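Taking it in order: structure first as structure tokens, then the write-up.
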There are 2 protein chains.
Amino acid sequence: MADHDKLHGEEAIIALLAPLAEGFAGAFGLQDDCALLTPAPGTELVLETDPVAEGVHFLSSDAPEDVAWKALAVNVSDLAAKGAAPLAYLMALSFPAAPDRAWLTRFAAGLGEAQARFGCQLVGGDTDRRPGPLTITITAIGSVPAGTMVRRATARAGDLVFVSGTIGDAGLGLALRKDASLATAWGLSRAEAEELVARYVRPEPRLALGPTLRAHASAAMDISDGLVKDVGRMCKASDVAAHMAAADVPLSAAVRKVVARSPQMLARLLTAGDDYEVLAAVASGQAQALSAAATAAGVPVTRIGALSAGPARVEVTGPDGRKLALPRATGWDHF
Amino acid sequence: MADHDKLHGEEAIIALLAPLAEGFAGAFGLQDDCALLTPAPGTELVLETDPVAEGVHFLSSDAPEDVAWKALAVNVSDLAAKGAAPLAYLMALSFPAAPDRAWLTRFAAGLGEAQARFGCQLVGGDTDRRPGPLTITITAIGSVPAGTMVRRATARAGDLVFVSGTIGDAGLGLALRKDASLATAWGLSRAEAEELVARYVRPEPRLALGPTLRAHASAAMDISDGLVKDVGRMCKASDVAAHMAAADVPLSAAVRKVVARSPQMLARLLTAGDDYEVLAAVASGQAQALSAAATAAGVPVTRIGALSAGPARVEVTGPDGRKLALPRATGWDHF
């Protein structure tokens, strides 16, 4: 049978996805109506859902493997920032037309890679057909030792603000993905441009930071809609004000190169989405321990500011010592 | 502010939904990135997801309260058939345009009614904007005493087949919802027609049957895509053959009236979707206890057939004693 044939029937689709559930007893081979989870004694479950849609969260030209990776990664990233270890996920797939066997086979392969990396399995879901873009709605379930989930609303005045990894790579990666000629305009080598695109296409949830966050962070969340907007959300939930210096925000070598050539890009990077790094508020007495543990875990963190008493607000000082003007101060919002 | 104003900003939408999370500690007022569930000792969690989309699963003319009810009910129905008690749900909402405040207020009111009836709460979710129909993707989480979830694949040859309530009401209700003049053609009173429409619009998950199913059923699942198709799914998962008599299928007074006038409707009713009743396989020694317990729980069940050794198939005998010709033998399939 040709690889571009269409899959007719939900059963044909489920058959292609069933290997992703293999070995997880409570998935029942995707042949039951529900999945069964047996939480380990002394643990609590952390749950969240984040759909991705073609044309909104990914591009129709993206490889099916990458679409799958990203659909799972954006969900697991939320768990990672809560200090949770992924266990399982459910997935609702909506297709505007019967999917190609070849497309779904590659999509399943990408999910397989991602779930192996993140340590979770597909346990259930649903498939339907409807007008509109291809949509992948994953609900991810993780676990934490009881009482240790790291919340968003528990940052305190006096805490220091840390971020993991580097900020802005994915924002530039998306721009490059849409217009490859920007690489030349920005003075980037091909390898540097590819690295930035990879950061957009295959985000790596910071799961290695879980124990560090649980032990040392006052509050944490992932950065998905732009650093400034997400810092603002933590401030609002915790009723604190954040003071950050743009010069302290960790940038990759490639991004530093772009900013050196076009300093006005800095403000854009701080408000671009898709970073999937961790934002953490940390009591000053815990900062050194957090830093050391993060480095030991292979995901260095950088102090980018501090929190003071509310009302909630975010102030970013530019490299010139003055308040930075932010082009999209509110960051990414669908509405 | 006018009631037909648009809600701009995810925060405005979350504010309208937050009362649905009130009192559930792990929902954090919908202000965190994840929800936290603390399973009771000795329980396991039962999870599933089933999206509904405008124009596919509900009509754009449906009242927002009813859309909300149905979106939650179709998910809770799956839990009910597994013997699980609903605890919580996550909801991803996708709007093609900023929603009206009035629409979302009514939608939230319908969800409030439904979750109060079903005994669960909204604990998290996501809101986005994308082309295509309004879509509501709920992931429902229930609990069962450890080891008691009722599966689909555990029906055995020799078991009897039972269904709860009555079959076909919602199928006729949908037809009436699309063309009210059918009521006259079918000889239905206004009250009878309204009753059938209500069965389509506000399905009632058979939660009261939970303990009965856990105690007495070999296997169970909900009937959502047509009785014959769903019996076929149980047969396939359990590798058994089902033998049913159409005359044994429980019908409401209104549906009996339609069938008396148009006997050919019977086959259509057995393959119509949206019943949201429970299908159960029951060892013959358990049948009487199951029946009695179901009646005591207020949801009578009816024996409609029996299972024999596979290969999997479904045979339905018509009222004339001959094999019934089924117009849509495969029932509802999106592909």
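Figures for the structure shown
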read-out	value
Cα shape, segment B:106-199, gyration tensor, a/c 1.5 rule	oblate
With Cα atoms, 0 to 90° folded angle of helix B:190-201 axis to chain B main axis	70 degrees
Acute angle (nearest 10 degrees) that the helix A:64-81 long axis makes with the longest principal axis of chain A, alpha-carbon atoms	50 degrees
Peptide-level mean, for A:54-60, of C-beta atoms on other protein chains within 10 Å	2
Likely footprinting exposure, B:ARG206, A:ARG256, B:ARG268, fewest C-beta neighbours within 10 Å first	A:ARG256, B:ARG268, B:ARG206
Selection from B:ALA140, B:GLY165, B:CYS120 lying farthest towards where the dipole of chain B points positive, charges on Cβ	B:GLY165
Amide hydrogen neighbours beyond the local backbone of B:GLY305, cut-off 5 Å, H modeled	B:VAL161
Cα-based convex hull volume of segment B:160-317 per residue, rounded to whole Å³	98 Å³
At 0.890 mPa s and 25 °C, Stokes D of segment A:173-242 from Kirkwood alpha-carbon radius, µm² per second	167 µm²/s
Cross-link table B:LYS82/B:LYS236; B:LYS229/B:LYS323; A:LYS257/A:LYS323; A:LYS229/A:LYS257, entries beyond 20 Å C-alpha to C-alpha	A:LYS257/A:LYS323; A:LYS229/A:LYS257
10 Å binning of all Cα-Cα separations within segment B:10-145, expressed as whole percents from 0 upward	13, 46, 33, 8, 1
Mean separation of Cα contacts under 8 Å, 6 or more apart, over the residue count of segment A:160-317: relative contact order %	45 percent
Magnitude of the charge dipole, segment A:10-145, Cβ model with Lys/Arg +1 and Asp/Glu -1, debye to 20	180 debye
Kirkwood Rh, angstrom, chain A [1 / mean 1/r, Cα pairs]	20.8 Å
Backbone HN-Hα couplings from phi across segment B:287-294 [Karplus 6.51/-1.76/1.60, Hz, Gly and Pro as x]	4, 5, 5, 4, 4, 5, 5, 5
Per-copy distances of the A:ALA15 label point, shortest first, in nm (7 angstrom along Cα→Cβ)	5.2
Calculated P(r) of segment B:201-259 - Cα pairs past 15 Å, %	66 percent
Fewest-first sequence of A:ARG199, A:ARG303, B:ARG151, B:ARG261 by Cβ atoms within 10 Å of each Cβ	B:ARG261, A:ARG303, B:ARG151, A:ARG199
For the A-to-B rotation axis, chain A residue with nearest beta carbon and its distance in angstrom	A:GLY132, 1
Where N is the number of residues in segment B:1-72, Cα Rg divided by 2.2 N^0.38 Å	1.43
Cα→Cβ-extended label distance, 7 Å offset, between A:SER181 and B:ALA102, nm	4.9 nm
Dipole moment magnitude, nearest 20 debye, segment B:160-317 about Cα centre, only Lys, Arg, Asp, Glu C-beta charged	120 debye
Mean separation of Cα contacts under 8 Å (6+ apart) over length of chain A, as relative contact order %	22 percent
Calculated from backbone phi, Karplus (6.51, -1.76, 1.60) coupling profile of segment B:304-317 in Hz, x at Gly/Pro	10, x, 8, 10, 10, 4, x, x, 4, 6, 10, 10, 10, 8
Normalised contact order of segment B:10-145, rounded percent, pairs of Cα under 8 Å and 6 or more residues apart	40 percent
Teacher prompt: A:GLY29 distances to equivalent labels in other copies, 7 Å Cα→Cβ, nm	4.8
Per-residue ³J(HN,Hα) for segment B:222-233, Karplus 6.51 cos²θ - 1.76 cosθ + 1.60, θ = phi - 60°, Hz, x for Gly and Pro	8, 9, 10, 10, x, 4, 5, 5, 6, 4, x, 5
Pseudo-label separations to other copies for B:GLY285 - Cα-to-Cβ vector, 7 Å, nm	6.4
Dimensionless Rg ratio for the protein assembly as shown, taking C-alpha atoms and the 2.2 N^0.38 Å reference	1.02
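Where a number appears in this text, it was derived from the coordinates with a stated rule and is not lab data. Not measured: the values here are computed from a predicted model. In this analysis, Cβ positions are derived from the backbone assuming ideal geometry, glycine residues included, and neighbour counts consider all displayed protein chains.
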